[in-house]
Every structure is written in structure tokens, then in C-alpha cells.
Amino acid sequence: MQFGWEYCASIPNVRAVVKRHESITVVYIDEKMNEVKEVLSGFAARIFQHEMDHLDGNILVQQTISHDELETLSESEDGDIEVAKVKLRLEGA
């Protein structure tokens, strides 16, 4: 398992530290209806797991290792990127 920053188009300008498997094996059906088994690692594995979370009904903030690890990103008037820590309370948490 490895920790890494992730972003999500579903929650613009927010990033979070998420723990993911560094390498995964996936099985899927390709466009010709053939079953394919493939090993993904690194960035491809992280993206695949992120997108599977969406299919499972989860979003980025539900996968964070700590809600203290959420940050917002914004651009200042002079073009610099500003980072701010965010505290988040999920319903039912």
C-alpha cells in the first residue's frame, strides 16, 4: 500500500491523501467481448482504484486516511497557488 495525493473532478480544487494498492490485477471485457486480465501499477493502478470508488458510490473524501489531510487549492490574484487545510465532517461520521 502507498499513500498519495489525489484530486477529483467531482470536488474541484480539493486534494486529499489516499492509501492505495501500488499494483492491482484487473479483469475486464474488452470491446470485442474478450476477457482480459491485466496487472496495473503506479499511476494507472491509482486511477483505476479511484474510478472504481465512483462506481461503488464513494467519492474522494470518503477514501482519505484522515479528514485532517484535506486541502483546498486556489489561485491568488498574482497567479500563485494557495493551499489551505480543510476540516470536513461527513454525515453519519
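Expressed in nm to one decimal, what extension gain is obtained for the pair Ile47 and Glu77 from 0.36 nm per residue of sequence separation less their Cα-Cα distance?
Full extension of this stretch gives 7.6 nm more.
The listed residues Glu38, Glu6 rank as Glu38, Glu6 when sorted by accessible area, largest first, using a 1.4 Å probe. Amide H contacts under 5 Å for Val14: Cys8, Leu73, restricted to partners 5 or more places along the chain or on a different chain, H placed in the peptide plane at 1.01 Å from N.
The values are calculated or read from the model by the stated rules, or taken from the named source; none is laboratory data. Predicted, not measured: the structure shown is a model, and the values here were computed from it. The protein model used for the area step is the full one, side chains on, heavy atoms only, and it has no ligands, DNA or RNA in it. Shrake-Rupley method; radii C 1.70, N 1.55, O 1.52, S 1.80 Å.
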